[in-house]
Each structure stands twice: as structure tokens, then as C-alpha cells.
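Since the structure comes first, as C-alpha cells, the remarks are kept for the end.
The values are calculated or read from the model by the stated rules, or taken from the named source; none is laboratory data. These numbers were taken from a predicted model, which means no experiment stands behind them. No Cβ is skipped: glycine too gets one built from the backbone with ideal geometry, and neighbour counts run over all protein chains shown. Note: accessible area is taken over every heavy atom of the protein model, side chains too, but ligands, DNA and RNA are not part of it. Shrake-Rupley method; radii C 1.70, N 1.55, O 1.52, S 1.80 Å.
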Amino acid sequence: MARILIAEDEHRIASFLEKGLRANGFATVVVDDGHAAAAAARDSDFDLVILDLGLPGQDGMDALAEIRRRGDRLPVIVLTARDAVPDRVKGLERGADDYVTKPFSFEELLARVRARLRDTGKEEVTQLRAGGLVLDLRTRRATIGSRTVELSAREYALLEVFLRHPDHVLSREQLLSHVWGYDFDPGSNIVEVYVRYLRRKLGEHVIETVRGMGYRVSARAEPSTGPDDGRST
């Protein structure tokens, strides 16, 4: 699975990119300043970077130069409002592999991402699987055994997190931050509510409770002998 680092300080754009890329089978991480972008590109295993130039802390152009000074050939697509020819030239000379200006078409950006990843032999996945449980990232439907299950947006997001970390125990706090965001009330029981929804649709056994620690989906999840009808709650 290709991993993409999104360096963007405008929350609305970062969220838009993250949702769109994840829906197309990519794993994403978002940072919102230049120093964090350069450090993440250095210390983590990413396959591509989408880099805004107007970042706080360290300008994106300087972050790009820092990445290239290390000799790292990690593909970098600049995504910026700076549309003047001198800025384009400077970005490409500093080592950008592509340069896209805002406002932009997500479909075009996605095509450019795919093209760069093809150059490195990386392709996006379209399904996540754990045993007999499959989540289709294009249709946003789950299949368990022979049943296809329709999911709400939150149910889909929660199941996606579980299936990207099969056999890993995920705490309530981790699930809150991944699905609902860090600003969500940590005292809420919303995680328990949505785990219950998924169990009703997929089967009680699919999501395991690890007492005092959190929840997990087994990499060998299989349909139960008496599944429910998968109706929405």
C-alpha cells in the first residue's frame, strides 16, 4: 500500500486531500508545517509527498531543498497557490517532480500521483482484507462471507482504520483521533456506539474487545454461522 505524506497547513484542503486519497486506496499522514514535513520525509517510510509551499515554521521550498540535500529521491508533488513562472521554475530546480497550482482538480492531482508512483513501481490498493471480511475502497461497501453490507460514512471510516491495522489493538483514543478528530470529546461513548453498529452489520465476533485496552479486528476474521441481515441502524 502506497503511503503519502500531505504537507498542508490549510485544514480544509488537507482534509479534502486525505479523504480523497484514502478513498482511492492510499494511506496518508498530514503535517502542517515545513519542519515537520522535512522531518517526516526523513524519518518515515513514505512513497510520495504532496507539498504546499506556504507552510509555517519552514517554507515549503526550503523543506524541499532539505529533502533533496540528503539525496532522497522520494517523489514530491508541489501543490501551491504560487502560480508565477519563476516560482514554478524554482520549485522544479529545487527538486520537485511535479508542480500543481491551486485551485486544482482532484482528478488531475490523483492522475499525477498515480503517474509518479508508477515510476517507482508503487500502486494503490482498492481493497482491504482480513480473512473473509473485505472493504472495497471504491464502492465503500463491506463484504463478509457472501453478504454485502452498506455502511454509513462513520462506520466505513471506523472499519477502514481497523482493517489498515489487522490484529492490532486500537484504543478508544486512537479511534477517536483517526475517525472523529482530536477535537472530539474524549469522554464520549461514540466509539462504543459505532463498534456496536458494525457488530450488528458484520457479526458480533468480527470486532474483538480487549478488556482495558481497546478493540481489534483479527486478520483471520470469518463470517459467523448465523449472520444478521446487515441492515443499517
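Scanning segment 1-43 for residues that are in contact (Cβ under 8 Å) with a residue 40 or more places away in the chain and open to solvent by 40 Å² or more (accessible area, probe 1.4 Å) yields Met1, Arg3, Asp9, Glu10, Phe16, Arg22. Is at least one residue of segment 171-191 closer than 19 Å to Arg129 by Cβ, in contact with a strand residue (DSSP E or B) (Cβ under 7 Å, 6 or more places away or on another chain) and not hydrophobic (A, V, I, L, M, F, W, C)? No. Take the conditions (1) assigned to a helix (DSSP H, G or I); (2) open to solvent by 50 Å² or more (accessible area, probe 1.4 Å); (3) modelled with pLDDT under 90; Glu204 misses just one of them, which is (1). The conditions of being of a type outside the set (Ser, Thr, Tyr) and modelled with pLDDT of 85 or more are met by Asp136. Selection of segment 211-221 for residues being within 10 Å of His168 (Cβ to Cβ), open to solvent by 10 Å² or more (accessible area, probe 1.4 Å) and among the aliphatic types (A, V, I, L, M) yields only Ala219. Taking (1) modelled with pLDDT of 90 or more; (2) under 24 Å from Gln127 (Cβ atoms) in turn, Ala23 satisfies each apart from (1). Look at segment 84-109: where a residue is at positive phi and a partner is surrounded by 13 or more Cβ atoms within 10 Å (Cβ to Cβ) and assigned to a strand (DSSP E or B), sitting 6+ places away or on another chain with Cβ atoms under 7 Å, you get Gly95/Val76. Of all residues in segment 182-202, those that are within 16 Å of Leu151 (Cβ to Cβ) have Cβ atoms under 7 Å from Cβ atoms of residues that are modelled with pLDDT under 95 and open to solvent by 70 Å² or more (accessible area, probe 1.4 Å), 6 or more apart or on another chain, in Tyr194/Arg154; Tyr197/Thr233; Arg200/Thr233.
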